[in-house]
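See structure below.
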Amino acid sequence: SSYFESVTILGGSPQESLLQIEPLKLCVDTLKNYLDSTYSYLNPTSNWDVYVSTKIIEGAFFTYTFRFDEAKKVFFQLLERKDEIKPSDLALIYINTAHLYDERFLKNPEKSIEFAKTAFKLAKESNIKVYQFMSAGLISNQYKILGKYRESREFLQKQIDAKEAFYITNAEVKAKAQSLEYEVLQRYLQLQNEKHQMFILTASLGCLLLV
């Protein structure tokens with residue numbers, strides 16, 4: 001929110017205001033250099049998934065730097081090849097396209113809902129909780145803007161459900177990680193004990209030889 005507040009306070013066009021804020025300008029320049037360097041060696045044919053991920057970043061970059069036509073071009077060109085894109089990336093493309101039509105940018109809540117609902121469906125089919133959370137939140141916000149509070153509450157609940165499920169999954173992952181960590185520690189202690197026993201045995205044999 002501070003990003004948009006800063007741009008608004010400075011006045012003028014969003015692009016000009018953005019480049020007046022030194023930390024933001026540095027972020028923009030860094031990301032642009034990253035994209036340029038990536039495209040300089042990336043082969044879309046042999047690295048398709050990496051190419052798609054990079055294009056998603058580029059599209060989001062264009063959105064947040066208020067270059068909406070370029071953002072639309074990136075996202076819609078990807079969607080023309082949606083059958084070649086894995087579901088997790090496809091859901092993220094739809095989420096970012098929904099963001100593009102958010103009230104902060106192109107101000108078209110109906111279109112934002114349309115893309116976000118597709119993202120939510122894909123995320124649910126693929127059981128990607130974090131994308132369910134993101135897309136449901138987008139839908140809820142857009143319905144709120146339209147004054148459709150019943151629908152807004154419905155998707156707010158879906159967002160809450162996705163968040164709870166996501167944190168349960170996260171807890172399970174952390175528990176498993178802790179279990180593995182414990183096993184590694186136990187194995188390390190066992191090896192140290194065996195090493196210590198080997199040292200005692202070697203020392204004992206040495207003493208016997210001396211006798």
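The values are calculated or read from the model by the stated rules, or taken from the named source; none is laboratory data. All of these numbers come straight from a predicted model, not from anything done at the bench. For neighbour counting, all protein chains shown are included, and Cβ atoms are generated from backbone atoms with ideal geometry for every residue, glycine included. Note: areas computed on protein heavy atoms with side chains; ligands, DNA, RNA excluded. Shrake-Rupley method; radii C 1.70, N 1.55, O 1.52, S 1.80 Å.
The figures follow:
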quantity: 20 Å reach of a label modelled at Tyr34, 7 Å along Cα-to-Cβ, counting backbone N of region 99-128; calculated: 99-100
quantity: Inter-site label distance for Glu125 and Asn47 at 7 Å from Cα along Cβ, in nm; calculated: 2.9 nm
quantity: Percent carbon-and-sulfur accessible area, region 84-142, ignoring ligands, DNA and RNA, probe 1.4 Å; calculated: 53 percent
quantity: Linear extension gain, Ser88 paired with Glu164, 0.36 nm per residue minus alpha-carbon span; calculated: 25.4 nm
quantity: Evaluated over region 123-162, the Cα radius of gyration and Dmax, each in Å; calculated: 9.9, 31
quantity: Solvent-accessible surface ranking, highest first, for Glu125, Glu114, Glu70 at 1.4 angstrom; calculated: Glu125, Glu114, Glu70
quantity: Using a Förster distance of 30 Å, the FRET efficiency for Gln77-Ile145 (Cβ separation, nearest 0.05); calculated: 0.60
quantity: Residue-wise HN-Hα coupling along region 157-163, computed from phi with Karplus coefficients 6.51, -1.76, 1.60 (Hz; x: Gly, Pro); calculated: 5, 4, 5, 4, 4, 5, 5
